[in-house]
Amino acid sequence: MMAEHGRVAELNHESKTADQRNNTAHLLDSPAAGILAALGFACLTAWGICQVFAPALPLLSYLPIDEGIACLLVSCGVSMVALIVCARWPHLLYTHVRSLVFPGMLVFYGPLTLVGIVSWLAPYAIPTPLVFAAWAISGIGWVSPSAAWMVLYSLMPARWTALSIASGGIVATPLFLIVGSIGVPALGVAGAVALVAASGGLAYYLLSKADKEKLAEANSQESEHRKPVMALKASLSVIAHGISYGFIVIMVSSLGLHAILIAGTAGIISSFVAFFWARRRTKTSWTTESAQRITIPLIAAALLFAPFCSEAGRIVCGAVGIGAFSYATLMEWTGQVVKNAEFQLFPLQRFAIGRLAQWTGFLIGAFIAYITFYHTSMSPVPLSLITCVLAVIIITAFVVYDNTADENDQLLDVVLGDPENLIIEPPKNAAPFRERCDALIERFQLSSREAEVFRYLAKGRNAEYIQQKLFISSNTVKTHISHIYKKMGINNQQWLIDLVDQRDGRDDAADNGGR
């Protein structure tokens, strides 16, 4: 009797645990999670703006402007080292992703907060080398909250991703303006750090609600085809974009706080544009190339006109460049997290590879501007020569980089095992073929369109054949194949045919679907 009672209690506990897990998963899939994510991403974005403009904000304006920029460059360099570590050992960091937020951010930003506040309350109390050390440590903090949000967004439903990120971009601009315009410097430092604390807190909370089994499963997928690769042309294009951004940021910073606050407002315009496209366009349209096609002409124009403009004109040029880069960044975030979820890629590794290219460019561009505006006295003619070279670099990098087809095909090919080249003999089992297919279709809950594609795959047909038969595009076929493989827990056509070729598709699928 006691044994039976214990068994009932055990079953009740298992049922309660399962219900709690389902409720947790449901919470992360709900609109409420999308709203919280938008707020957290807004705080993260506002903090990022404060970081890049730190030399003219309370964060660093207690130092001479050239020393403040040097602190920024040191922090950026350390962040690149952290990104290399993230790209090299993504599984280790993925396992402890919440630790990157807490207590990690206390370690990364604690010294920065202390140095910033004390430097305003007691000028010259902290030696300059310690200021540089605090900013060097904060360089790791550039990576930790962003990495956590990349993981979180990659676990959320794609239907919330675009709107959440675009909404976060809209809210970020007012937050930045509030913090940047605080009249009391020590409060300005505290406000800036409060942004990253709020972002980290929301990320920590939402990650605690993520499905632990899903996190563990994603981290255990160590097969080679899950590891992302960034093509050389794509890397060069991102680096060129970063160079222009770094140059424009330092140029605007050299004009003072009022210039930063005015130019920073451009971000809200680009965020509204991103929000519009999030409502109107499909997720497959969110690519790096589609963003750069819009932003590169604006950035090139800002670079070319800036040397010949007055201070007001340079602020306008800076606003145009910053707004364009803000739009491109929002587009990049959305495209990356959608592809992470759709193709089951490692979010930390993809994040690290992409950001490493971006910050490499930013460091180069910021250093060029640092030398140009603070260590030389240039007339408009040689300055225009520098900006012309930068404009040519960014345009050339874009011209040689065609991302739309290359990236999608590359991702699909590494996930699907190049299905277009797979032409395999259909199964020859004597049991009714269609019944076996129907059993697997029902088992894995394939949609009607996926069921059509599934039957052709089961017959050994390749993607090109299916495209012609169903009158759909190549990318659409590949997307359907990707969804089918993900639902079945396989990664190539031969596995699919093996499943269909079983004597009892319904029973054997359960045994073989996850192998």
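Within the range 367-404, take every residue that is within 22 Å of the chain's Cα centre (by Cα) and part of a helix (DSSP H, G or I) and give me the one that is surrounded by the most Cβ atoms within 10 Å (Cβ to Cβ). Let's see the steps before the verdict.
Of the range 367-404, the ones within 22 Å of the chain's Cα centre (by Cα) are 394, 397-398, 401-404.
Subset that is part of a helix (DSSP H, G or I): 394, 397-398, 403-404.
Details: I394: 26, A397: 22, F398: 23, N403: 21, T404: 15.
Looking at residues that are within 22 Å of the chain's Cα centre (by Cα) and part of a helix (DSSP H, G or I), I get I394.
Hey, can you tell me all the residues within the range 458-487 that are touching a Leu at 6+ places or on another chain (Cβ under 7 Å) and either of a type in the set (V, I, T) or open to solvent by less than 40 Å² (accessible area, probe 1.4 Å) (or both)?
Narrowing the range 458-487 to residues touching a Leu at 6+ places or on another chain (Cβ under 7 Å): 458, 462, 478, 481-482, 484-485, 487.
Hits for the range 458-487 are A458, N462, K478, I481, S482, I484, Y485.
I need the full set of residues from the range 271-298 which are touching a Phe, Trp or Tyr at 6+ places or on another chain (Cβ under 7 Å) and modelled with pLDDT of 90 or more, in order please.
Residues satisfying the conditions do not exist here.
Limited to the range 450-496, what total is found for residues that are farther than 23 Å from N340 by Cβ and either under 27 Å from the mean Cα position of the chain (by Cα) or of a type outside the set (A, V, I, L, M) (or both)?
The total comes to 16.
Can you tell me which of (1) buried (at least 21 other Cβ atoms within 10 Å of the Cβ); (2) not in a helix (DSSP H, G or I) is the one L152 doesn't meet?
Of everything listed in (1) buried (at least 21 other Cβ atoms within 10 Å of the Cβ); (2) not in a helix (DSSP H, G or I), L152 misses just condition (2).
So, in the range 477-515, how many residues would count as being farther than 12 Å from F444 by Cα, modelled with pLDDT under 80 and of a type in the set (K, R)?
Summing the residues that are farther than 12 Å from F444 by Cα, modelled with pLDDT under 80 and of a type in the set (K, R) in the range 477-515 gives 2.
Scan the range 439-454 for residues that are under 21 Å from D498 (Cβ atoms) and either in contact (Cβ under 8 Å) with a residue 24 or more places away in the chain or open to solvent by 50 Å² or more (accessible area, probe 1.4 Å) (or both) and jot them down. Can you show your working first?
Taking the range 439-454 first, the residues under 21 Å from D498 (Cβ atoms) are 439-446, 450-454.
Those that are under 21 Å from D498 (Cβ atoms) and either in contact (Cβ under 8 Å) with a residue 24 or more places away in the chain or open to solvent by 50 Å² or more (accessible area, probe 1.4 Å) (or both): A439, L440, E442, R443, F444, Q445, L446, E450, E452, V453, F454.
Hey, G191 hits all of (1) closer than 24 Å to M80 by Cα; (2) in contact with a helix residue (DSSP H, G or I) (Cβ under 8 Å, 6 or more places away or on another chain) but one; which does it fall short on?
Single failed check for G191: (1).
Is there any pair with a first residue in the range 372-399 that is at pLDDT below 90 and a second that is not in a helix (DSSP H, G or I) whose Cβ atoms are under 6 Å apart and which are 6 or more apart or on different chains, and what are they?
Close Cβ pairs (under 6 Å, with a partner that is not in a helix (DSSP H, G or I)) amount to F373/S254.
From the list L72, L114, L28, L57, which one is more than 30 Å from I371 (Cβ to Cβ), aliphatic (A, V, I, L, M) and open to solvent by less than 30 Å² (accessible area, probe 1.4 Å)?
On the way: L72 fails: more than 30 Å from I371 (Cβ to Cβ); L114 fails: open to solvent by less than 30 Å² (accessible area, probe 1.4 Å); L57 fails: more than 30 Å from I371 (Cβ to Cβ).
After ruling out the rest, the residue left standing is L28.
Kindly indicate the residue of the range 309-346 that is modelled with pLDDT under 80 and in a helix (DSSP H, G or I) and also most open to solvent (accessible area, probe 1.4 Å) among those meeting that condition. Write out each step before concluding.
Step one: of the range 309-346, the residues modelled with pLDDT under 80 are 335, 338-346.
When the remaining residues are screened for being in a helix (DSSP H, G or I), the result is 335, 338-343.
Values: G335: 6, V338: 9, K339: 16, N340: 6, A341: 39, E342: 15, F343: 11 Å².
It comes out as A341.
If you go through the range 181-196 one residue at a time, how many are surrounded by fewer than 20 Cβ atoms within 10 Å (Cβ to Cβ) and over 16 Å from A56 (Cβ atoms)?
Adding up the residues that qualify gives 5.
Just wondering, is there one or more residues in the range 129-147 that are surrounded by fewer than 23 Cβ atoms within 10 Å (Cβ to Cβ), modelled with pLDDT under 85 and in a helix (DSSP H, G or I)?
no
How many residues does the range 240-283 hold that are among the hydrophobic types (A, V, I, L, M, F, W, C), open to solvent by less than 40 Å² (accessible area, probe 1.4 Å) and under 20 Å from the mean Cα position of the chain (by Cα)?
Filtering the range 240-283 down to residues among the hydrophobic types (A, V, I, L, M, F, W, C) leaves 240, 243, 247-252, 255, 257, 259-263, 266, 268-269, 272-278.
Narrowing further to those that are open to solvent by less than 40 Å² (accessible area, probe 1.4 Å): 240, 243, 247-252, 255, 259-261, 263, 266, 274, 278.
Filter once more, keeping what is under 20 Å from the mean Cα position of the chain (by Cα): 240, 243, 274, 278.
Residues that pass the stated criteria total 4.
Which residue pairs have Cβ atoms under 8 Å apart, sit 6 or more places apart or on different chains, and have a first residue in the range 227-249 that is at pLDDT 90 or above and a second that is in a loop (DSSP other than H, G, I, E, B)?
Hits for this filter: V249/F53.
The values are calculated or read from the model by the stated rules, or taken from the named source; none is laboratory data. All values reported here derive from a predicted model rather than from experimental measurement. So basically every Cβ, Gly included, is an ideal-geometry build from the backbone, and we count neighbours across all protein chains shown. Just the protein is used for accessible areas: all its heavy atoms, side chains included, with ligands, DNA and RNA removed. Shrake-Rupley method; radii C 1.70, N 1.55, O 1.52, S 1.80 Å.
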